[in-house]
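> Shown below is the structure under consideration.
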Amino acid sequence: MKSICDYLEEDREKWADRPYITTKVHGSWTSRTFQEVVGDIQGLSRSLLKRGYQDKHIMICSENSREWILLYLAVMAYVGTCVPVDKEWTAYDLKNTLSVLPVSAVFCSRTQMERLKELKAQEPDTDWFCIEDTLPALIREGRADACPLSGRKDPDRTAMILFTSGTTNLPKAIPLTQANLFANWETLYRRTPMTEQDRSYVFLPFHHVYTGVANILYTIISGMQLWLCSDLTQMIPELMEVRPTVVCTVPLFLYRMQEAMTDELMDVLRQIRFLYCGGSFTDPAAKQYFIEQGVCLLEAYGTTETSSVIALAVPGDPDLLSNGVVFENLRVRILDPDEHGAGEIVVSGGSVSSGYLNRNDRNSEFDQDGAYHTGDLGILSDSGHLYLKGRKKRMILTANGKNIYVDELEQLILAHPGIITAKVYEEGHHPAASIVSDLPEEEIHAYMEQINRRLPRYKQIRKVSIRPDRLGGRIK
């Protein structure tokens with residue numbers, strides 16, 4: 001199996017002068033070629049190795065940018081283990097993460113560095129870098145160094161660690177090897193053959209395994225060009241400007257495009273060879289709308305623990321109710337099916353993680369055979385079509401693909417001794433809470449504001465209903 005560094009070396013020779021990453025600078029698109037990008041990656045790698053980060057964990061907490069991609073590929077290809085995290089995480093989330101994993105360096109954008117100033121002071125053993133202020137100098141320094149690089153070629157060595165977000169418990173660390181990350185490529189390529197002639201417009205957060213693997217990592221195999229969204233408010237105008245042929249989206253943006261539809265936008269969408277939609281369940285009516293308009297919309301289903309995709313729609317498949325067809329290189333079974341055939345979806349195969357790092361979860365979802373128990377309920381047909389039927393555990397899945405575990409939020413609320421019961425539920429794709437308490441409403445709302453300040457925006461509880469206690473206090 002080829003490694004990330006092997007692909008980068010090939011890319012520099014094969015597609016040397018072809019544009020690779022294009023970003024908008026002062027209102028104009030500016031491109032860096034494959035040769036330039038690989039040179040930047042290798043220069044950055046030399047500088048990181050010179051500073052003693054070989055085999056270390058390096059975290060990225062930043063908005064999307066070309067520099068984010070350089071770090072992502074440099075760390076995995078030549079340096080150590082990449083730890084990408086959600087830029088929306090609070091200092092509380094990140095402190096939990098740093099307590100699970102020894103991180104040697106954190107690369108933040110200037111905005112995040114300012115926001116995390118207090119956490120930085122609490123973590124003196126971790127080096128903190130501002131991407132905008134330090135990366136250009138690190139790249140220049142490394143480019144001027146002729147020292148040869150030795151790539152990380154062991155396919156079974158951890159290349160990346162991703163985290164579930166733990167609000168009350170320690171987050172689960174998910175290690176992924178290069179073997180995991182590349183396991184699905186051949187199956188994906190047979191179903192949707194991406195090539196160097198394709199252009200991908202990228203606007204989803206890079207730290208998601210869905211975006212990181214399909215939209216970034218696989219481009220070093222396909223040679224596909226990347227165009228990075230400059231601002232989400234400009235997504236539709238830039239889509240029409242770039243006219244991409246491959247796009248990864250989530251249902252939320254799909255619905256927004258449907259609301260903003262014009263003849264020109266529909267014409268652009270029809271030119272997209274593969275419009276993948278994953279991260280959350282897609283409304284069958286929305287799928288039908290786009291597909292009947294001639295858009296090659298392909299619903300995808302996957303998890304971080306399985307290096308993203310488990311099932312993907314086949315182009316031209318008339319079955320709009322299924323959530324994809326299981327990849328042929330994976331084994332998917334339904335555990336304890338009911339009379340309708342619905343049960344928990346269990347996945348085995350090369351893309352599946354070896355299990356949570358240090359088994360820091362209370363009840364592991366990986367069984368003794370290494371199969372991952374997704375917690376999703378589904379029905380699997382003889383043809384491999386997968387039909388999702390909800391969650392085994394209580395969870396809110398937002399329209400932009402964020403997972404919110406309601407048990408964690410309820411534990412936070414119940415930490416107040418004056419709150420008798422708390423039930424968190426979904427309302428409009430956001431968490432809401434129903435609380436039983438005899439405390440003054442002002443005190444409860446102030447407490448909820450305090451909780452929300454500790455949570456990333458997508459987890460914040462938007463609505464609270466309060467009822468007095470009529471049963472004589474909390475059940476012991």
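The values are calculated or read from the model by the stated rules, or taken from the named source; none is laboratory data. Source: prediction; values computed, not measured. For neighbour counting, all protein chains shown are included, and Cβ atoms are generated from backbone atoms with ideal geometry for every residue, glycine included. These area figures cover heavy atoms from the full protein model, side chains too; ligands, DNA and RNA do not enter into them. Shrake-Rupley method; radii C 1.70, N 1.55, O 1.52, S 1.80 Å.
> Residues to consider are 264, 241; find the one that is over 23 Å from the mean Cα position of the chain (by Cα), farther than 20 Å from residue 293 by Cα and either open to solvent by 10 Å² or more (accessible area, probe 1.4 Å) or without any contact (Cβ under 8 Å) to a residue 40 or more places away in the chain (or both).
241
> Another question about this same structure. Which ones in segment 187-219 are surrounded by fewer than 22 Cβ atoms within 10 Å (Cβ to Cβ), assigned to a helix (DSSP H, G or I) and within 21 Å of the chain's Cα centre (by Cα)?
187, 189, 216
> If I go through segment 88-110 residue by residue, how many of them are modelled with pLDDT of 90 or more and among the hydroxyl-bearing types (Ser, Thr, Tyr)?
Selection size over segment 88-110: 2.
> Is it true that residue 339 is open to solvent by less than 30 Å² (accessible area, probe 1.4 Å), at pLDDT below 95 and among the charged types (D, E, K, R)?
no
> What pairs come up if the first residue lies in segment 418-431 and is without any contact (Cβ under 8 Å) to a residue 60 or more places away in the chain and more than 19 Å from residue 442 (Cα to Cα), the second is basic (Lys, Arg) and assigned to a strand (DSSP E or B), and their beta carbons are under 7 Å apart, counting only those six or more places apart or on different chains?
427/463
> From 123, 132, 114, 118, grab the single residue that is of a type outside the set (A, V, I, L, M, F, W, C) and either within 21 Å of the chain's Cα centre (by Cα) or under 16 Å from residue 58 (Cα atoms) (or both).
123
> Which strands (runs of 3 or more DSSP E) does segment 25-106 wholly contain that include 1 or more residues that are β-branched (Val, Ile, Thr) and more than 23 Å from residue 152 (Cα to Cα)?
Filter on segment 25-106 gives 28-33.
> Just one of (1) farther than 22 Å from residue 352 by Cα; (2) touching a Pro at 6+ places or on another chain (Cβ under 9 Å); (3) of a type outside the set (S, T, N, Q) trips up residue 315, so point out which.
(2)
> A further question on this structure: Within the group 390, 401, which residue is closer than 30 Å to residue 315 by Cβ, modelled with pLDDT under 85, in a strand (DSSP E or B) and under 21 Å from the mean Cα position of the chain (by Cα)? Steps first, answer last, please.
Values: 401 fails: in a strand (DSSP E or B).
Every option except 390 fails the conditions.
> Also, I was wondering about something else. Which residue, of 407, 369, is more than 13 Å from residue 345 (Cα to Cα) and at pLDDT 90 or above?
Just one listed residue meets the conditions, 369.
> Please go through (1) open to solvent by 30 Å² or more (accessible area, probe 1.4 Å); (2) closer than 28 Å to residue 430 by Cα; (3) touching an Asp or Glu at 6+ places or on another chain (Cβ under 7 Å) for residue 236 and return the number of the only condition it doesn't satisfy.
All conditions are met except number (3).
> Right, another one. Against the conditions (1) under 28 Å from residue 454 (Cα atoms); (2) part of a helix (DSSP H, G or I); (3) modelled with pLDDT of 90 or more; (4) not charged (D, E, K, R), where does residue 142 fall short? Just the number, please.
Status for residue 142: all satisfied but (1).
> Right, next: Going through segment 107-118 one residue at a time, which ones are hydroxyl-bearing (Ser, Thr, Tyr) and either in contact with an Asp or Glu (Cβ under 6 Å, 6 or more places away or on another chain) or part of a strand (DSSP E or B) (or both)?
109 - this is the single residue of segment 107-118 that is hydroxyl-bearing (Ser, Thr, Tyr) and either in contact with an Asp or Glu (Cβ under 6 Å, 6 or more places away or on another chain) or part of a strand (DSSP E or B) (or both).
> So is residue 280 small (Gly, Ala, Ser), within 30 Å of residue 81 (Cα to Cα) and part of a loop (DSSP other than H, G, I, E, B) or not? Even if it seems obvious, please write down each step before you answer.
Values: small (Gly, Ala, Ser): yes; within 30 Å of residue 81 (Cα to Cα): yes; part of a loop (DSSP other than H, G, I, E, B): yes.
Here the answer is yes, as residue 280 does meet what is asked.
> Checking the conditions here, which among 111, 90, 97 is among the hydroxyl-bearing types (Ser, Thr, Tyr), open to solvent by 10 Å² or more (accessible area, probe 1.4 Å) and touching a Pro at 6+ places or on another chain (Cβ under 8 Å)?
90
> I'd like to verify a number: residues in segment 252-261 that are over 22 Å from residue 218 (Cβ atoms) and touching a residue at least 24 places away in the same chain (Cβ under 8 Å), how many?
Count: 4.
> If you don't mind, there's one more thing I want to ask. All but one of (1) of a type outside the set (Phe, Trp, Tyr); (2) touching a helix residue (DSSP H, G or I) at 6+ places or on another chain (Cβ under 7 Å); (3) at pLDDT below 95 hold for residue 45, so report the exception by its number.
(3)
> Do you know which of the residues in segment 26-69 that are free of Cβ contacts under 8 Å to residues at least 12 places away in the same chain and hydroxyl-bearing (Ser, Thr, Tyr) is surrounded by the fewest Cβ atoms within 10 Å (Cβ to Cβ)?
Among residues in segment 26-69 that are free of Cβ contacts under 8 Å to residues at least 12 places away in the same chain and hydroxyl-bearing (Ser, Thr, Tyr), the one surrounded by the fewest Cβ atoms within 10 Å (Cβ to Cβ) is 28.
> With respect to residue 116, determine if the residue is surrounded by 15 or more Cβ atoms within 10 Å (Cβ to Cβ), closer than 21 Å to residue 81 by Cβ, of a type outside the set (Gly, Ala, Ser) and without any contact (Cβ under 8 Å) to a residue 60 or more places away in the chain. If you could, list the steps in order and put the result at the bottom.
Values: surrounded by 15 or more Cβ atoms within 10 Å (Cβ to Cβ): yes; closer than 21 Å to residue 81 by Cβ: yes; of a type outside the set (Gly, Ala, Ser): yes; without any contact (Cβ under 8 Å) to a residue 60 or more places away in the chain: yes.
So residue 116 passes the test.
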